[in-house]
Structures are given as C-alpha cells and as structure tokens.
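Report on one structure; see the data block that follows.
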Amino acid sequence: MTNLVETDEFTAGIYQLEIADAPEGGVLGIDNVPPRQLANRTLWLKNRLAEHSAAVDPHPQYMTASESDAVIAAAIAALVGSTPAALDTLNELAAALGNDPNFAASLNSAIAARLTQAQADELYATIGSAASVVGKFRNLKIDAIGLNNYNCVITADEVVLENGTNKYITLRAVNKTINANGVVGDPLSIMSARAASTLYFRWLWYSVANGLTATLDASSIAPTAPAGYIAGDYKMLLPGACRTDSSGNTYLMQTSTVGLRTKFVPLAGSNTTALLVAANGALGTFSQTAPTWASVSLGSFIPVSRAASVDVTASAEFNGLAASSYLVSSSNVYAGPRSACPPVIGSNNSVGQTADTISGTIMLESSNLYVASNNTGFALQIIGWEDKD
C-alpha cells in the first residue's frame, strides 16, 4: 500500500462518485480521484500558509506596528502643535478651564457682567473731568528717625496714586524707607543734593515694570522721577515734609506725620532736642489796644504752600530770659487783647510774675505769622502743621 501522490494545486472541484462508477483503485482509479483532489487542496493551503508565515510583510495592505505608531504620533503632534507642556493633555486643559463643563456659558455670563465700552468711556470721562487727586490714603504714618539719621519710614494700609492721564491705582500694605543719604536720583533716595535747614517732600511712585518706590524731593509740584521711572508714571505727594537740620551732616530732623498732621518730635540725644524757634525777643510794639506787628516768615519751618494751619507754642520767659508780654496773630489786621478784634494768642506779663506758655493752632492766612512782644523772654516755637489735603 502506498500514499496518494499530492500535487501543489488548488483543484477547482471535488469529483462525486456515481452509482454507475465501477470500483477501481490505483493511481488513476476512480476511487482515489476525490481523495487526491482534497489532498492537493490541503498541500496547496499548507504551502501558502508557510509562504505567508515566512514573508517579511505578509499583509502590505495593512500598516506595521511601527508605521501605525508613527502615524499616531504624527496625529498627536499635529493636534498639540506648539501647545506648552502644561496644556498638552486633556486633563490639563480641563483643569485650566476650571473643570467647568459649561465653560463657554460661564465665560459669556462673566463677560456680560462687565462694563460695556460705552460705559467704560463714560466712567473714565467722569474721572478725567474730576479735580486731580493729589493723594488719598488710609492709616498713613511717616516717621523721620532723627537720631543723627537719614531714614524716613513710610507705612500705610492703602494709598491711591494718579498717573499722567488721570488714571488711578490703589496700593495696599505700603512699607517703604527712604535714605536721604542714598545715591541722588535713585529710587528710595533723595532727588537732589541735600541742603541744610531745608524742607523735602515725600513722593510715592509706581510703574508696572518697577513696582512701588518713594523719594524725597525739594518740589511739591513737579518732582523729579527716580531712575527707572518717568514723570507720567503713577505718583502721589504725601502729606507733610522732612526737614534737614543745620549741621554739616544735614541729617533729617525727627518728625512724625499721622494723616495730614505733622509735628516735630524733640528727643534727648538726637538732632531735635527742642522745637524750632521761629521768632524771639522784643518784636514790634506790644499794646493792649493797638499793637505794632512784626511779621514772622514760616517758609523755612513748614511747607506754607501746603499747610492749612500751624501749631505753635509761645513763651514769656523762654530759656530763663526776661519776662515779656506778647501777642501772636495770623494777620496784622488784628488789634490788642482789649479791642473788638483781639489776636489769636496773647499774654500780658510783668517782671516777677509767673511766665505764661501758651500753645495753639492758628489757621494760616499767608506764609507769615505776626507778633508783638516787649522783652527778650518772648519766643515763638513751631510744634508742627496740618496739610490742606
């Protein structure tokens, strides 16, 4: 017995044995035709499968794994584009949108709640037509240290600065220290060389690029912008002023500003051991009814262009000198204490009596006060002042 001879071909059909077919074996016998056809098909399929398995790319119509990976990577790259790494996943995008599934509606609602351009224009027009804001603040305090020192410390809960186009910015938690001995023209320094017995105004400056700073400036109207800032930046003139002493070092005198009020602060061991003397001795002519007034300029003691009032103390026996009667007034139209137009402050002392020291606040009518005294013991000293705004 031998095996069927198999041929590598796919026979189109399988012969069906008929009733009339006589049984016949052998290579060409009728009984072996159908099995041989099936065997041929089996061999053909076996060989084709072997060829398929051996082929490098048996399915050229389909992508290989590396090709599909490359296509997917290219598609993702095209989708991501130049998106930053922090936003190149769906999770990151969702987080950036606040995980809000209705982000578009939420955004539209937020936009609808804002001012329209017309409303904004109307608002800015109203602000622009208002009077210029010299400076507004809350809980402002400014201290010049005074212990042979150059520092001026500025603190405030809140300040409002104005720029050159009448726009405003509010800054909070202000804490700046100006060094009057710093580089002239630098932020947190003085804008010109210091001079003795001179008033310097405190300015705040702000720019988006450099933030908040402060300067000392001889001008209360046209300050010099510090390095890194320009005249049109946000700025604010603060109340009060610092005053240098008369020494060769030109230290800042000890002063304290709270709100609009500024006062000199005498302190033992500092350069401000006593109040400044604006006038002393016999001045003008004292009279109970018709005094002759002597003018006392305040310009070197307080910023008269900014001050609404001045706080003074008047003494009859200053520094132990001979007792004096005296009168102090805001103008020379006032008469004596026994007239229908008495002065603001007055004391009638004779030698041997207890000397009077009287302190008071005088509303300014000019840059001068007016005094009349009859002896060397009189002295008028400056306690401080209050700004107009």
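The values are calculated or read from the model by the stated rules, or taken from the named source; none is laboratory data. What you are looking at is a predicted structure, and each value in this text was computed from that prediction instead of being measured. Backbone-built Cβ (ideal geometry, glycine too); neighbour counts: all protein chains shown.
Summary of values
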item: Residue list for segment 57-84, filter: charged (D, E, K, R) and either exposed (fewer than 10 other Cβ atoms within 10 Å of the Cβ) or closer than 21 Å to residue 96 by Cα (or both); result: 57
item: Odd one out for residue 290 among (1) closer than 18 Å to residue 331 by Cα; (2) among the hydrophobic types (A, V, I, L, M, F, W, C); (3) touching a residue at least 60 places away in the same chain (Cβ under 8 Å); result: (3)
item: Tally, over segment 160-180, of residues that are among the β-branched types (Val, Ile, Thr) and either closer than 18 Å to residue 256 by Cβ or part of a loop (DSSP other than H, G, I, E, B) (or both); result: 4
item: Candidates 26, 13, filtered to the one that is free of Cβ contacts under 8 Å to residues at least 40 places away in the same chain, out of contact with any strand residue (DSSP E or B) (no Cβ under 9 Å at 6 or more places or on another chain) and on the phi > 0 side of the Ramachandran plot; result: 26
item: Single unsatisfied condition, residue 131 versus (1) surrounded by 12 or more Cβ atoms within 10 Å (Cβ to Cβ); (2) aliphatic (A, V, I, L, M); (3) at pLDDT below 80; result: (1)
item: Hits in segment 231-269 - residues which are part of a strand (DSSP E or B) and surrounded by fewer than 18 Cβ atoms within 10 Å (Cβ to Cβ); result: 256, 258, 261
item: Filtered residue count, segment 220-230, keeping only those that are under 18 Å from residue 183 (Cα atoms) and surrounded by fewer than 16 Cβ atoms within 10 Å (Cβ to Cβ); result: 3
item: Complete set of residues in segment 42-101 that are polar (S, T, N, Q) and within 30 Å of residue 9 (Cβ to Cβ); result: 42, 47, 53, 61
item: Residue that is surrounded by the most Cβ atoms within 10 Å (Cβ to Cβ), among those in segment 162-194 that are of a type in the set (Ser, Thr, Tyr), within 21 Å of the chain's Cα centre (by Cα) and over 11 Å from residue 214 (Cβ atoms); result: 168
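A quick yes/no check of all residues on (1) of a type in the set (Ser, Thr, Tyr); (2) without any contact (Cβ under 8 Å) to a residue 24 or more places away in the chain; (3) in contact with a Phe, Trp or Tyr (Cβ under 7 Å, 6 or more places away or on another chain); (4) in a helix (DSSP H, G or I):
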| position | (1), (2), (3), (4) |
| --- | --- |
| 4 | no, no, no, no |
| 31 | no, yes, no, yes |
| 56 | no, yes, no, no |
| 74 | no, yes, no, yes |
| 106 | yes, yes, no, yes |
